[in-house]
Amino acid sequence: MRALGRHVLAEVYGCSFEILNDIKKVEEIMVKAALEAGAEIREVCFHKFSPQGVSGVVVISESHLAIHTWPELGYAAVDVFTCGERVNPWDACRYLTEQFRAGEVHATEIERGVMEAPRAAAVNQ
């Protein structure tokens with residue numbers, strides 16, 4: 001069996017309030033994380049909440065990177081989902097946690113789309 005993609009779910013703690021609350025900085029870090037992993041960026045969309053917090057997504061040809069921040073808690077929830085063999089989601093995850101100055105990271109990888117090898121289609125007569 002083979003997976004279609006790899007999905008890293010990261011709990012990122014002890015981050016800089018200033019970075020996690022700065023929409024431009026969060027967007028820049030997420031875009032650079034995608035590029036660090038070798039991904040091809042398609043679209044970018046980020047939103048700043050009031051009084052604090054940022055959410056956003058970087059759509060890549062290989063899937064996406066998404067983030068939701070709680071600057072007041074120094075916390076970010078991050079998803080890095082990649083399909084294919086070329087892009088390693090851990091490369092992106094490592095880059096962004098360094099840039100957020102994370103004190104602690106708990107991350108798990110989930111294989112997505114695990115399927116058996118394709119079988120020949122049955123012909124109904």
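The values are calculated or read from the model by the stated rules, or taken from the named source; none is laboratory data. The structure presented is a predicted model; accordingly, all values stated were derived computationally and were not measured. Cβ sites come from the backbone with ideal geometry, for glycine too, and all protein chains shown count toward neighbours. Protein only, heavy atoms only, side chains kept; ligands, DNA and RNA dropped before computing areas. Shrake-Rupley method; radii C 1.70, N 1.55, O 1.52, S 1.80 Å.
Tabulated results
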{"quantity": "Rounded to the nearest 20 debye, dipole of the chain from Cβ charges on Lys, Arg, Asp, Glu", "calculated": "260"}
{"quantity": "Label point distance in nm, residue 50-residue 16, each placed 7 Å from Cα along Cα→Cβ", "calculated": "2.6"}
{"quantity": "Signed unit charges on C-beta, dipole axis of region 1-94, positive-most listed residue 21, 68, 35", "calculated": "35"}
{"quantity": "For the chain, alpha-carbon Rg relative to the globular expectation (2.2 N^0.38 Å, N residues)", "calculated": "1.22"}
{"quantity": "Per-residue HN-Hα couplings for region 73-85 [Karplus 6.51, -1.76, 1.60; θ = phi - 60°; Hz; x = Gly/Pro]", "calculated": "10, x, 10, 9, 9, 10, 10, 10, 10, 10, 10, x, 9"}
{"quantity": "Max mean-square fluctuation residue, GNM over the chain, Cα-Cα springs under 10 Å, options 62, 36, 98", "calculated": "98"}
{"quantity": "Nearby aspartates and glutamates by direct alpha-carbon distance to residue 25 (threshold 18 angstrom, same-chain neighbours under 8 apart not counted)", "calculated": "36, 43, 72, 79, 98"}
{"quantity": "Those chymotrypsin sites (Phe, Trp or Tyr not before Pro) in region 1-103 that DSSP places in a loop and that have at most 13 other beta carbons within 10 Å", "calculated": "none"}
{"quantity": "Amide hydrogen neighbours beyond the local backbone of residue 54, cut-off 5 Å, H modeled", "calculated": "49, 69"}
{"quantity": "From phi via Karplus (6.51, -1.76, 1.60), per-residue ³J(HN,Hα) for region 16-30 in Hz, x at Gly/Pro", "calculated": "5, 4, 4, 5, 5, 9, 9, 4, 5, 5, 4, 4, 4, 5, 5"}
{"quantity": "Accessible area of the chain belonging to carbon and sulfur atoms, whole % at 1.4 Å probe", "calculated": "51"}
{"quantity": "Span per principal axis, largest first, for the Cα atoms of region 1-51 (Å)", "calculated": "46, 25, 19"}
{"quantity": "Average accessible surface area per residue within the chain, 1.4 Å rolling probe, Å²", "calculated": "59"}
{"quantity": "Virtual spin-label span in nm between residue 109 and residue 9, 7 Å along Cα→Cβ", "calculated": "1.6"}
{"quantity": "Phi-based couplings in Hz for region 96-104 (Karplus 6.51, -1.76, 1.60; Gly and Pro marked x)", "calculated": "5, 5, 5, 5, 7, 6, 5, x, 8"}
